[in-house]
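Undergrad: To start, I am sharing the structure in question, which I have written as structure tokens.
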Amino acid sequence: MQIPPARRSAALLLGLALASCSSHDTEFDPEKQLELYMTTATYLYQDGSLLRAQDQAVKALEIEPENRPMRRMIGWIRLRMGGTEDLLIAERFFEDLAADGDTDAPVLLGLATAEERLGTAHDEAARAILSGERYTESPDPEKRSAELASEAQRYFTEAHGHYEQVLSGSTQANKALNGLQRVAALQGNYEESLDWGRQLLEICKAESEGWKRALETRELSGTEEGVATESIRTVTDLEVETRLFSTSILHRLARAAQAVEHLRIAIELDPDRADLYSRRAQLQSEVGLYAEALSDLDRFLRYSTLDFEHPDVRKAYELRTFCEGRLAESALNAEAKTGS
């Protein structure tokens with residue numbers, strides 16, 4: 001007899017319950033207690049009190065084991081906690097929800113996110129073993145590294161499929177596209193990653209324009225205006241991060257001009273963000289635009305709040321010295337040619 005997915009999580013729930021400091025009233029109305037646990041869990045989750053939220057969610061599931069909102073919540077709690085064991089627990093909860101027919105965007109996104117992060121953990125372990133940075137008890141480290149790398153790619157493939165399932169629905173397209181650009185890059189499919197990024201930028205542009213029109217053409221209450229302003233800020237942040245991600249891919253593909261263009265637009269969107277200038281300075285120095293790189297380095301140092309001894313600040317000064325040297329060398333060569 002096949003065990004229902006909700007019951008397959010029973011062992012996990014038991015472990016979570018034992019880990020929590022739960023207490024039970026001798027007499028209670030199950031429906032009222034369930035509502036209380038769910039309400040409290042939701043409040044605590046939104047407040048960031050993850051372990052306390054999990055405790056309340058487990059209590060709710062002890063009353064109603066198949067309760068989908070609480071099963072989803074435990075999955076997302078474990079994703080936010082982020083350890084390898086947490087990710088495995090999250091994966092199990094989301095897999096069981098999907099097997100029960102719950103294939104709404106939050107479940108598929110949760111499952112894809114868990115798979116992506118587990119894939120990344122396996123990939124990092126494979127590289128560390130191969131380089132000798134990580135010890136393995138395996139008598140054949142290269143074979144073990146290859147096994148972990150293969151497992152990482154399996155996770156990435158599954159995550160890719162679940163992100164695409166989300167994209168085929170009517171909600172959460174921006175999160176699905178964001179995931180797809182990351183996973184495609186992790187799979188080494190860089191052109192595909194750039195294409196997902198382009199689609200995400202189109203959504204960002206449309207959403208930003210929509211919120212701006214709402215601010216300009218409608219009479220909004222103070223609360224509504226605040227929501228619109230915050231939404232524009234969130235979309236802008238997503239666009240900047242997407243352009244930064246695309247910049248990294250383009251740099252890998254030796255397409256510096258396109259990478260610099262992404263950074264130019266990102267700086268227009270967020271001109272006070274220091275790291276954008278340092279990234280652009282690095283690219284400009286690589287293609288011989290030393291004066292432009294110096295200008296960006298000066299702006300990075302002006303806007304940065306990092307301590308003088310921070311590695312990024314030290315690297316900026318080192319790059320600045322390099323660019324100044326190249327400009328001085330170029331000036332001497334020009335004088336020599338003139339003199340001859």
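The values are calculated or read from the model by the stated rules, or taken from the named source; none is laboratory data. The model shown is predicted, which means the values in this text are computed figures rather than measured ones. Please note: Cβ atoms are built from the backbone with ideal geometry, for glycine as well, and neighbour counts cover all protein chains shown. What goes into the accessible areas is simple: the full protein's heavy atoms, side chains included, and nothing from ligands, DNA or RNA. Shrake-Rupley method; radii C 1.70, N 1.55, O 1.52, S 1.80 Å.
Undergrad: So what is the relative contact order for the chain, in percent, with contacts set as C-alpha pairs under 8 Å and at least six apart?
TA: Across the chain, relative contact order equals 8 percent.
Undergrad: What is segment 189-319's relative contact order, in percent, from Cα pairs under 8 angstrom and six or more apart in sequence?
TA: 17
Undergrad: Limiting things to C-alpha atoms, what are the Rg and the maximum Cα-Cα separation (Dmax) for segment 75-138, in angstroms?
TA: Cα only, segment 75-138: 14.0, 44 Å (Rg, Dmax).
Undergrad: While we're looking at this one, here's another question. Apply the Kirkwood formula to segment 182-324: the hydrodynamic radius equals the inverse of the mean of 1/r over all pairs of different alpha-carbon atoms; give it in Å with one decimal.
TA: 16.7
Undergrad: First check a/c for segment 29-150, with a ≥ b ≥ c the square roots of the eigenvalues of its C-alpha gyration tensor; if it is under 1.5, answer rounded, and if not, answer prolate when a/b is larger than b/c or oblate otherwise.
TA: Because a/c hits 1.5 or more and a/b exceeds b/c, segment 29-150 counts as prolate.
Undergrad: On a 1.4 Å probe surface of the protein chains, which of Leu36, Leu238 comes out largest in accessible area, and what is the full order? Let's see the in-between values first.
TA: On the way: Leu36 90, Leu238 40 Å².
Result of the area sort, largest leading: Leu36, Leu238.
Undergrad: At 222 nm, what value in deg cm²/dmol follows for the chain if DSSP H runs of at least 4 each add -39500 (n - 2.57) and the sum is divided by all its residues, to the nearest 500? List each step's numbers first, then the result.
TA: Numbers: 15 runs with 273 residues, N = 340.
Using -39500 (n - 2.57) per qualifying helix, the result is -27000 deg cm²/dmol.
Undergrad: While we're looking at this one, here's another question. In a solvent-free Debye calculation with one equal scatterer on each Cα, what is log10 I(q)/I(0) for segment 45-92 at q = 0.15 Å⁻¹, listed in the order of the q values?
TA: -0.34
Undergrad: Can I ask one more? For segment 183-241, how big is the tail of P(r) above 18 Å, as a whole percent of Cα pairs?
TA: Result for the distance tail: 47 percent.
Undergrad: Placing unit charges on C-beta atoms (Lys and Arg positive, Asp and Glu negative, everything else neutral), compute the dipole magnitude of the chain about its Cα centre in debye, rounded to 20.
TA: The dipole of the chain has a size of about 740 debye.
Undergrad: Using a basic spin-label model with each label point 7 Å from the Cα along Cα→Cβ, how many nm lie between Arg198 and Asp237?
TA: So the two model labels end up 2.8 nm from each other.
Undergrad: In addition: Give the angle, between 0 and 90 degrees and rounded to the nearest 10, that separates the Cα long axis of helix 141-167 from the longest principal axis of the Cα atoms of the chain.
TA: 80
Undergrad: With the dipole of the chain worked out from charges on the C-beta (+1 for Lys and Arg, -1 for Asp and Glu) around the Cα centre, which of Ser304, His160, Leu111 lies farthest toward the positive end?
TA: Ser304
Undergrad: Another question, then. Considering the convex hull of the alpha carbon atoms of segment 240-340, report its projected area averaged over all viewing directions, in nm², one decimal.
TA: Result: 7.2 nm².
Undergrad: Stretch Glu261-Thr229 to full length: gain in nm at 0.36 nm per residue minus the Cα-Cα span?
TA: 8.9 nm
Undergrad: Could you estimate the translational diffusion coefficient of segment 117-187 from the Stokes-Einstein equation, with Rh from the Kirkwood formula over C-alpha pairs, at 20 °C and 1.002 mPa s, in whole µm²/s?
TA: 164
Undergrad: Let me ask something additional. Whole Å is fine, so just give me how far the alpha carbon centre of segment 283-325 lies from that of segment 114-137.
TA: That distance is 33 Å.
Undergrad: A follow-up question, please. How tilted is helix 68-81 with respect to the longest principal axis of the chain? Cα atoms for both, answer in degrees (0 to 90, nearest 10).
TA: For helix 68-81, the angle is close to 40 degrees.
Undergrad: Would you work out which of Trp196, Thr247, Thr136 lies farthest towards the positive end of the dipole of the chain, given +1 charges on the beta-carbon of Lys and Arg and -1 on that of Asp and Glu, about the Cα centre?
TA: It is Thr247.
Undergrad: While we're looking at this one, here's another question. Using a Debye calculation, one point per C-alpha and no hydration shell, please list log10 I(q)/I(0) for the chain at q = 0.14, 0.16 Å⁻¹ in order.
TA: With one equal scatterer per Cα and no solvent, log10 I(q)/I(0) is -1.27, -1.36.
Undergrad: At 1.4 Å probe size, with the rest of the protein present, what percent of the exposed accessible area of segment 34-112 is carbon and sulfur atoms?
TA: C and S atoms contribute 49 percent here.
Undergrad: Oh, and also: Where a ≥ b ≥ c are the square roots of the eigenvalues of the C-alpha gyration tensor, would you call segment 158-263 rounded, which needs a/c under 1.5, or, failing that, prolate if a/b is larger than b/c, or oblate? Could you put the intermediate results ahead of the total?
TA: Numbers: a/c = 3.26, a/b = 1.63, b/c = 2.00.
Oblate.
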